[in-house]
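Reading through the structure tokens given below for one structure.
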Amino acid sequence: MDRTPLMPKATAVWLVDNTSLTFDQIAEFCGLHVLEVKGIADGDVAHGIKGMDPISSGQLSREEIAKAELTPAHRLKLSEPKVEVPEVKTKRGPRYTPVSRRQDRPNAILWLLKNHPELKDSQIMRLVGTTKPTITAIRERAHWNSPNLQAQDPVTLGLCSQTDLDAEVKKAAAKLDRDRKESGIVEPPKAGTLLPAEETTAPAPPPELERPMATALAQEARDRRAAPDEDEDTPDVESVFGKLKELKRTDVASD
């Protein structure tokens, strides 16, 4: 990518007023259109813009300008900076949430806690631009507006994009799976998982083994009640009276 000078339009104004460079050379150096440079020369463009000297700012040398003035086909080149300024990497902070959307953040946090418990608090903070105390309060039902909170998708509320949400969920799921493998925890089968072929093709157990013990005992009792009652021996009347007489004699003898 070609570099352009600082304040290109002001630089073009100075080059038009102080050099004999062609419009094409100035336009190419400043990243402007040729007609725009011609408008600057005619006074139709850049009204009120003060020209900036690229030589004093160290962006162009006098030798480079002189060389370009002698050779119209020469292309001007920016001077190398004497001091190299390192690129400053700014730490990405919490996502900015518009004022009109801030009242929806608790509902979005509740939705994330319910539907994606694997997400860390730091991930939720990045997605909806909230704070850790707020997340803790909503998780523990200690938020001042907890009775009125309703879980709502943060993407629908416009607090984050679906791409960012999917990326955070994928990252959290990968870390959870990695932690389970390191701990030796076997993940339980998900609902709806097909049974192994050995179980589905195994022969059915005999009815006697399949029937519980209580059912077998109940059936046995029903069979016993359904069977005809056996005739009991009818007692002999004379023998009964004989026993009564013997008991009476025994009582008299004892008196």
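Every number in this text was worked out from the coordinates using simple rules, so none of it is lab data. Since the structure is predicted, the reported quantities are computational estimates derived from the model, not experimental observations. So basically every Cβ, Gly included, is an ideal-geometry build from the backbone, and we count neighbours across all protein chains shown.
A few notes on this one:
- With the simple model of a label 7 Å out from the Cα in the direction of the Cβ, residue 53 to residue 34 spans 3.1 nm.
- Other residues lying with their Cβ under 11 Å from the Cβ of residue 132 contribute a combined charge of +1, Lys and Arg counting +1, Asp and Glu -1.
- Projected label points at residue 20 and residue 141, each 7 Å from Cα along the beta carbon direction, are separated by 8.8 nanometres.
- Potential extension, residue 132-residue 70 segment - 0.36 nm per residue separation minus Cα distance: 15.7 nm
- For the pair residue 79 and residue 164, the difference between a 0.36 nm per residue extended length and the Cα-Cα distance amounts to 26.5 nm.
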